[in-house]
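Student: Encoded as structure tokens, here's the structure I'll be asking about.
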Amino acid sequence: MQNTFRLPRVYALTDLQLSGVSHAEQVRLLSLGGATLVQLREKQMSPKEFYEQAKAAVTVAEQCGVRLIINDRVDVALGVGASGVHLGQDDMPPEAARKLLGPESIIGYSTHNVEQAIEASKLPIDYLAIGPIFATTTKSDTAPVLGIDGLRAVRQAIGDFPLVAIGGITSTNAGDVIEAGADSVALLSALLAHPDGITEATQTLLRSLPSPRQT
């Protein structure tokens with residue numbers, strides 16, 4: 001079956017430690033800047049705390065017309081009624097997540113090389129993420145950097161499958177990443193480093209990106 005899922009050009013992520021504001025407030029500020037898909041990313045909180053923050057973020061997302069994706073936690077995504085989940089290589093298998101979440105939920109999956117991307121494109125997911133494209137400081141246990149050439153190789157290998165590029169992407173290099181074949185760029189620091197400028201940073205980035213890849 002052909003994948004008809006469409007990614008926005010900017011795939012925003014939340015980070016409480018980086019921004020210093022709640023996940024719900026980050027969703028609001030990102031949406032004001034034009035973000036329509038946001039991944040709630042949280043590595044530090046207890047499950048209960050994470051659930052409460054995610055619940056509040058879903059409420060804001062629904063008010064703002066944003067699709068909210070929960071990172072890693074299928075149980076939290078299900079419990080708060082999020083739009084979907086993003087899974088890593090060591091998380092619940094996408095097949096199992098799909099059974100729990102149903103056909104309408106968005107499921108994304110992280111990959112780190114061409115081989116993983118090819119295998120992922122055969123799974124019951126809506127999009128895959130590839131990275132790190134460049135060196136990044138927001139994640140310590142990263143796979144080898146792919147670079148622009150590695151991204152091009154992934155795009156060639158997976159055809160038109162929806163593709164998010166992540167890792168070290170900034171407002172300066174995001175355009176090059178889109179031109180190299182990514183449908184969407186995932187950013188953290190570039191959008192969240194200055195909480196009072198999240199909305200403006202998102203707007204500026206969206207204006208600067210080339211038109212979506214034509215398929």
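Quick note: the coordinates plus some simple rules give every number you see, no bench work behind them. Keep in mind that what you see is a predicted model, and the values were worked out from it rather than measured. Here the Cβ positions follow ideal geometry from the backbone for every residue, glycine too, while neighbour counts run over all protein chains shown.
Student: Around residue 129, which amide H atoms from residues at least 5 apart in sequence, or from another chain, sit under 5 Å from its own amide H, with H modelled in the peptide plane?
Tutor: 109, 110, 111, 164
Student: Which one of 32, 187, 13 has the biggest mean-square fluctuation once the chain is modelled by GNM with Cα springs under 10 Å?
Tutor: For the chain, modelled as a Gaussian network with Cα springs under 10 Å, the answer is 32.
Student: Give, in nm to one decimal, the length gained when the segment between residue 149 and residue 208 is fully stretched (0.36 nm per residue of separation minus the Cα-Cα distance). Each step should come with its number before you reach the end.
Tutor: Numbers: separation 59, 0.36 × 59 = 21.24 nm, distance 2.18 nm.
Computed gain between residue 149 and residue 208 is 19.1 nm.
Student: What's the extension gain from residue 17 to residue 45 if we count 0.36 nm per residue and subtract their Cα-Cα distance? Spell out each step's value before the answer.
Tutor: Values: separation 28, 0.36 × 28 = 10.08 nm, distance 1.05 nm.
Result for the pair: 9.0 nm of gain on full extension.
Student: Just to be sure I understand: if I project the alpha-carbon convex hull of region 25-68 onto a plane and average over all orientations, what area do I get in nm²? Spell out each step's value before the answer.
Tutor: Values: hull surface 11.1 nm².
Convex hull of Cα atoms, orientation-averaged projection: 2.8 nm².
Student: Kindly write out, for region 122-129 in residue order, the coupling ³J(HN,Hα) from the Karplus curve 6.51 cos²θ - 1.76 cosθ + 1.60 (θ = phi - 60°), rounded to whole Hz, with x marking Gly and Pro.
Tutor: Working through the residues one at a time gives 9, 8, x, 10, 9, 7, 10, 10 Hz.
Student: Order 156-166, 174-184 from most to least packed using the mean count of other Cβ atoms within 10 Å.
Tutor: Working: 156-166: 19.4, 174-184: 21.0.
Those peptides, ordered most packed to least, come out 174-184, 156-166.
Student: State the Cα centre-to-centre distance between region 147-179 and region 76-98 in whole Å.
Tutor: Result: 24 Å between the Cα centres.
Student: Here's something else I'd like to know. Among 90, 149, 15, which one shows the biggest mean-square fluctuation in a GNM of the chain, springs joining Cα atoms closer than 10 Å?
Tutor: In the Gaussian network model the winner is 90.
Student: Which aspartates and glutamates, on any chain, are close to residue 43 with Cα under 16 Å apart, when same-chain ones fewer than 8 places away are left out?
Tutor: 15, 52, 72, 75, 90, 91, 141
Student: Also, quick follow-up: Classify region 10-208 as rounded, prolate or oblate, taking a ≥ b ≥ c as the square roots of the eigenvalues of its Cα gyration tensor: rounded when a/c is under 1.5, otherwise prolate if a/b is larger than b/c and oblate if not.
Tutor: Details: a/c = 1.64, a/b = 1.12, b/c = 1.46.
It is oblate, given that a/c is not under 1.5 and a/b is not larger than b/c.
Student: Under a 5 Å amide H to amide H cut-off, with H placed in plane at 1.01 Å, what residues pair with residue 69 once short-range neighbours are removed?
Tutor: 38, 39, 40
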